[in-house]
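Here the structure comes first, spelled out in structure tokens, and everything after it is commentary.
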């Protein structure tokens, strides 16, 4: 979820809570969080919001990379979300759809925090997934629509996923793009177009990445 430029990198920072309740940022510390209580989306969102409030330099551009666990197994869903699907008989299915809603609620809180800090208009937000539906024995639910197969397969149902982009002033709300690109070229694309050093892609030739930038103005939510 970038506000593009150099200055802040959440991946390399640890927002450390002191015993007296105050917080400090340790650059590149990577301190383990230890045992935590609660569902993943709440914990991840809380950390992201904490960093936005207390971990970044408010005068510098920032890059915040937020990875949610939901709806990956093990599926752990708060009761307030499973009860929204009380008309579904199978408890495993209730838990799965509640898990997706749990993710949605966490992401919504994060977007609300951007608004509360006045960051909406100059922050590019990109939301996507890394694979198609898992469809496991325990949770055989979800759909890749008309696409073939599921997670773990190289058919489109396993690797082709939707993405949402919000970039005020650059993308038109409600528009849709059918342009395709590969996620592994994303970091190179973003660095190239926002004047940051491009990362070394050790897995293969850098000219195999496809830039998302030409299609960015054509879609958004």
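Among the residues of region 71-90, not a single one is loosely packed, with under 14 Cβ neighbours inside 10 Å, touching a strand residue (DSSP E or B) at 6+ places or on another chain (Cβ under 8 Å), in contact (Cβ under 8 Å) with a residue 40 or more places away in the chain and part of a loop (DSSP other than H, G, I, E, B).
Does any residue of region 56-67 turn out to be more than 17 Å from residue 125 (Cβ to Cβ) and either under 19 Å from the mean Cα position of the chain (by Cα) or surrounded by 19 or more Cβ atoms within 10 Å (Cβ to Cβ) (or both)? No: region 56-67 contains no residue that is more than 17 Å from residue 125 (Cβ to Cβ) and either under 19 Å from the mean Cα position of the chain (by Cα) or surrounded by 19 or more Cβ atoms within 10 Å (Cβ to Cβ) (or both).
Restricting attention to region 37-58, the residues being over 30 Å from residue 96 (Cβ atoms) and either in a helix (DSSP H, G or I) or in contact (Cβ under 8 Å) with a residue 40 or more places away in the chain (or both) number 5. Pairs are defined by a Cβ separation below 9 Å, a sequence spacing of at least 6 or placement on different chains, a first member in region 100-126 that is assigned to a loop (DSSP other than H, G, I, E, B), and a second member that is loosely packed, with under 13 Cβ neighbours inside 10 Å; the pairs so defined are 117/58; 124/170. Of all residues in region 128-140, those satisfying the criterion of being surrounded by fewer than 16 Cβ atoms within 10 Å (Cβ to Cβ) and within 19 Å of residue 182 (Cα to Cα) are 128, 129, 130. Put simply, of 97, 51 the only residue that is in contact with a helix residue (DSSP H, G or I) (Cβ under 7 Å, 6 or more places away or on another chain) and closer than 24 Å to residue 152 by Cα is 97. Applying the criterion of being on the phi > 0 side of the Ramachandran plot and modelled with pLDDT under 80 to the residues of region 23-38, the residue that is surrounded by the fewest Cβ atoms within 10 Å (Cβ to Cβ) is 34.
Taken together, 48, 41 contain a single residue that is buried (at least 20 other Cβ atoms within 10 Å of the Cβ) and modelled with pLDDT of 95 or more, which is 41. Scanning region 110-118 for residues that are within 21 Å of residue 72 (Cβ to Cβ) and surrounded by 16 or more Cβ atoms within 10 Å (Cβ to Cβ) turns up at least one hit. Within region 141-173, the set of residues being under 17 Å from residue 125 (Cα atoms) and either surrounded by 12 or more Cβ atoms within 10 Å (Cβ to Cβ) or in contact (Cβ under 8 Å) with a residue 40 or more places away in the chain (or both) comprises 161, 163, 164, 165, 166, 167, 168, 169, 170, 171, 172, 173. Looking across region 110-138, just one residue is at pLDDT below 95, farther than 20 Å from residue 68 by Cα and in contact with a strand residue (DSSP E or B) (Cβ under 7 Å, 6 or more places away or on another chain), and that is 122.
The values are calculated or read from the model by the stated rules, or taken from the named source; none is laboratory data. All values derive from a computational prediction rather than experimental measurement. Here Cβ is always computed from backbone atoms with ideal geometry, including for glycine, and neighbour counts include all displayed protein chains.
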